[in-house]
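Q: Starting off with a structure, shown below.
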Ligand code: SF4
């Protein structure tokens with residue numbers, strides 16, 4: 001079975017911005033942090049926030065201290081004022097596209113216009129929008145509700161940003177035909193439009209659709225409704241454990257999409273679980289995949305790559321101890337990769353749950369393997385001479401410090417605590433580390449010719465840069481799909497220019 005991941009699956013700009021803002025606040029401030037209502041409609045993200053001691057308040061207390069973050073949906077202006085009056089510092093993470101609708105409503109409500117909102121009156125975004133309508137706002141979630149409204153002398157028509165496109169088209173068409181003096185605004189978010197259009201197309205092209213996301217999330221539910229509306233089997237799940245494989249047994253290809261509040265790690269996890277389930281049906285394939293996963297997780301494959309590249313670079317430079325150099329590079333890369341994965345177990349719980357679990361369960365063995373290989377690499381480099389040893393020692397310290405919080409709060413203003421928080425640092429560090437062990441160490445040990453060293457160095461860093469910049473650190477079929485998607489996207493945008 002083929003699994004196609006939707007290009008638009010996952011966090012939209014507004015949700016990503018709100019999540020970033022609350023996580024940023026948790027590193028910058030010592031005060032307690034709350035969100036006013038659930039930050040997003042996704043149980044796993046809410047659990048992650050609670051683990052970081054970011055809790056939510058549902059009602060505004062008379063008195064309070066700390067920081068309250070207003071979520072992407074926005075709130076009525078009265079609530080924002082009440083939060084401040086209660087003593088909270090307010091961070092407004094309302095999505096800019098929702099803010100635009102609030103501004104439109106505010107401007108026209110001030111002039112006495114009635115406000116018609118195509119949306120669910122109980123949805124937090126609509127509740128927030130109605131707050132700007134000065135008591136003359138009307139939410140309609142069906143054509144019947146629209147017909148039931150009285151005629152207004154002056155009115156504006158807007159939509160909840162995640163509203164179903166075809167429903168709003170009907171609302172607009174009716175208003176143009178029966179109340180042409182109403183001012184109509186297109187306020188459905190582009191991200192919602194694209195997501196809905198893509199799922200319609202994918203449902204047509206594939207045999208079944210899986211929609212991942214919170215059951216409370218309106219936009220996720222709408223995606224599932226749109227997919228089901230095409231007549232293809234469509235399932236809405238919060239977690240891969242809910243998949244009913246019987247329903248999908250006849251499908252040759254399945255489209256996988258997710259709502260705007262579904263983080264990437266859940267999409268990735270769902271993809272991997274479906275892939276694993278499919279592999280279990282073929283014992284040989286399953287064994288091969290298990291072996292591949294083991295080599296990837298333990299970083300043996302990456303270290304073998306480093307060894308091979310070093311051997312090739314040594315040959316290019318005309319060195320004499322090619323195997324010795326290759327072994328040093330293998331041991332260094334193995335040790336650094338394992339140690340950094342061990343340090344990153346906490347953050348990997350969300351981005352790479354399988355890897356985090358593997359490292360947690362095998363922590364002791366992996367520590368032993370990392371220390372032994374690191375020590376052996378240093379010893380072998382010492383045999384090549386003191387300069388080689390020193391270079392490898394420096395690269396080892398740099399590699400080890402990547403995940404550790406070594407930057408003082410005052411320097412990074414609380415946002416940058418470790419080298420990994422510096423944008424682009426991963427690529428630069430990996431490229432320089434690999435360039436050093438694959439090229440410079442052999443050159444230093446064998447006193448290589450400058451020109452051949454430069455050629456080998458460019459060859460090595462070029463390859464490593466390409467791998468690091470274009471592929472994420474966990475190669476898999478899914479990564480392949482992403483790369484394919486990126487190339488397809490690039491081609492679609494530039495084909496006219498190229499041809
Ligand atoms: S769906 Fe659009 S409007 Fe709503 S939060 Fe996301 S980006 Fe903003």
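The values are calculated or read from the model by the stated rules, or taken from the named source; none is laboratory data. Quantities reported herein were computed from a predicted structural model and do not represent experimental measurements. In this analysis, Cβ positions are derived from the backbone assuming ideal geometry, glycine residues included, and neighbour counts consider all displayed protein chains.
Q: Of all residues in region 46-56 being touching a helix residue (DSSP H, G or I) at 6+ places or on another chain (Cβ under 7 Å) and at pLDDT below 85, which is nearest to residue 14 (Cα to Cα)?
A: Selected residue: 48.
Q: Still on this model: Against the conditions (1) modelled with pLDDT of 90 or more; (2) closer than 13 Å to residue 261 by Cβ; (3) touching a strand residue (DSSP E or B) at 6+ places or on another chain (Cβ under 8 Å), where does residue 73 fall short? Just the number, please.
A: In the conditions (1) modelled with pLDDT of 90 or more; (2) closer than 13 Å to residue 261 by Cβ; (3) touching a strand residue (DSSP E or B) at 6+ places or on another chain (Cβ under 8 Å), residue 73 misses (3) alone.
Q: Need the failing condition index for residue 59 against (1) assigned to a loop (DSSP other than H, G, I, E, B); (2) out of contact with any helix residue (DSSP H, G or I) (no Cβ under 6 Å at 6 or more places or on another chain); (3) outside the structural domain of residue 16 (by TED's automatic domain parsing), just the number.
A: (3)
Q: Identify all residues within region 155-166 that are free of Cβ contacts under 8 Å to residues at least 40 places away in the same chain and within 16 Å of the ligand (Cβ to nearest atom); write none if there are none.
A: Of everything in region 155-166, just one residue is free of Cβ contacts under 8 Å to residues at least 40 places away in the same chain and within 16 Å of the ligand (Cβ to nearest atom), namely 165.
Q: Hey, another quick one. Given the residues 102, 30, which is the only one that is over 25 Å from the mean Cα position of the chain (by Cα) and within 30 Å of residue 348 (Cα to Cα)?
A: None of the other options fit; the residue is 30.
Q: Out of everything in region 90-101 that is in contact with a helix residue (DSSP H, G or I) (Cβ under 9 Å, 6 or more places away or on another chain) and outside any loop (DSSP other than H, G, I, E, B), what residue ends up being farthest from the ligand (Cβ to nearest atom)?
A: Top of the filtered list is 90.
Q: Consider region 22-37. How many of its residues are touching a helix residue (DSSP H, G or I) at 6+ places or on another chain (Cβ under 7 Å) and more than 16 Å from the ligand (Cβ to nearest atom)?
A: Residues flagged as touching a helix residue (DSSP H, G or I) at 6+ places or on another chain (Cβ under 7 Å) and more than 16 Å from the ligand (Cβ to nearest atom) within region 22-37 amount to 1.
Q: Just give me the residues in region 267-292 being touching a residue at least 40 places away in the same chain (Cβ under 8 Å) and out of contact with any helix residue (DSSP H, G or I) (no Cβ under 6 Å at 6 or more places or on another chain), in sequence order.
A: The answer is 267, 268, 272, 274, 275, 278.
Q: Among the listed residues 157, 171, identify the single one that is over 30 Å from the mean Cα position of the chain (by Cα), within 26 Å of residue 220 (Cα to Cα) and part of a helix (DSSP H, G or I).
A: 171
Q: Does residue 133 qualify as being over 21 Å from residue 225 (Cβ atoms), more than 16 Å from the ligand (Cβ to nearest atom) and surrounded by 16 or more Cβ atoms within 10 Å (Cβ to Cβ)?
A: Considered against the rule, which asks whether it is over 21 Å from residue 225 (Cβ atoms), more than 16 Å from the ligand (Cβ to nearest atom) and surrounded by 16 or more Cβ atoms within 10 Å (Cβ to Cβ), residue 133 comes out as yes.
Q: For region 112-127, which positions are in contact (Cβ under 8 Å) with a residue 24 or more places away in the chain and not in a strand (DSSP E or B)?
A: Those that are in contact (Cβ under 8 Å) with a residue 24 or more places away in the chain and not in a strand (DSSP E or B): 112, 113, 119, 120, 123, 124, 125, 126, 127.
Q: Out of the helices (runs of 4 or more DSSP H) lying entirely within region 222-326, which hold 1 or more residues that are at pLDDT 85 or above?
A: 264-280, 283-297, 300-317
Q: Just to be sure, is residue 187 within 14 Å of the ligand (Cβ to nearest atom), in contact with a strand residue (DSSP E or B) (Cβ under 9 Å, 6 or more places away or on another chain) and over 15 Å from residue 126 (Cβ atoms)?
A: no
Q: Could you say whether any residue in region 230-239 is more than 16 Å from residue 1 (Cβ to Cβ) and free of Cβ contacts under 8 Å to residues at least 12 places away in the same chain?
A: Yes; the residues of region 230-239 include at least one that is more than 16 Å from residue 1 (Cβ to Cβ) and free of Cβ contacts under 8 Å to residues at least 12 places away in the same chain.
Q: Something else: Give region 243-266 a look and list any residue that's surrounded by 13 or more Cβ atoms within 10 Å (Cβ to Cβ) and either away from the ligand (no atom under 16 Å from the Cβ) or more than 24 Å from residue 7 (Cβ to Cβ) (or both), or say none.
A: Once the filter is applied, which keeps residues that are surrounded by 13 or more Cβ atoms within 10 Å (Cβ to Cβ) and either away from the ligand (no atom under 16 Å from the Cβ) or more than 24 Å from residue 7 (Cβ to Cβ) (or both), region 243-266 yields 243, 247, 248, 251, 253, 254, 255, 256, 265, 266.
Q: Same structure, new question: Go through the residues of region 54-68 one by one and say whether even a single one is within 16 Å of the ligand (Cβ to nearest atom) and either closer than 27 Å to residue 191 by Cβ or surrounded by fewer than 18 Cβ atoms within 10 Å (Cβ to Cβ) (or both).
A: no
Q: OK, next. Taking interchain pairs and intrachain pairs at least six residues apart, which have beta carbon atoms under 6 angstrom, with the first residue in region 179-192 and over 13 Å from residue 116 (Cα atoms) and the second assigned to a strand (DSSP E or B) and within 16 Å of the ligand (Cβ to nearest atom)?
A: Short answer, once both residue conditions are applied: 188/159.
Per-residue answers, yes or no, for (1) surrounded by 14 or more Cβ atoms within 10 Å (Cβ to Cβ); (2) within 16 Å of the ligand (Cβ to nearest atom); (3) assigned by TED's automatic domain parsing to the domain that holds residue 118:
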site: 137; (1), (2), (3): yes, no, yes
site: 149; (1), (2), (3): no, no, yes
site: 168; (1), (2), (3): yes, yes, yes
site: 209; (1), (2), (3): yes, no, no
site: 217; (1), (2), (3): yes, yes, no
site: 228; (1), (2), (3): yes, no, no
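Q: Is at least one residue of region 80-88 within 30 Å of residue 31 (Cα to Cα), within 16 Å of the ligand (Cβ to nearest atom) and not in a helix (DSSP H, G or I)?
A: no
Q: Looking only at residues that are in contact (Cβ under 8 Å) with a residue 60 or more places away in the chain and assigned to a helix (DSSP H, G or I) in region 201-221, which one is nearest to residue 120 (Cα to Cα)?
A: Per the criteria, the residue is 218.
Q: Step by step: first the residues of region 2-21, then only those that are away from the ligand (no atom under 14 Å from the Cβ) and buried (at least 18 other Cβ atoms within 10 Å of the Cβ), then the one that is nearest to residue 70 (Cα to Cα). Which residue is that?
A: Of everything passing the filter in region 2-21, 6 is nearest to residue 70 (Cα to Cα).
Q: Consider residue 74 carefully, then state whether it is touching a residue at least 12 places away in the same chain (Cβ under 8 Å) and either crowded, with 16+ Cβ neighbours inside 10 Å or within 16 Å of the ligand (Cβ to nearest atom) (or both).
A: So residue 74 fits the description; yes.
Q: For region 381-499, which helices (runs of 4 or more DSSP H) that fit wholly inside it have 1 or more residues that are at pLDDT below 85 and exposed (fewer than 12 other Cβ atoms within 10 Å of the Cβ)?
A: 409-412, 450-470, 477-498
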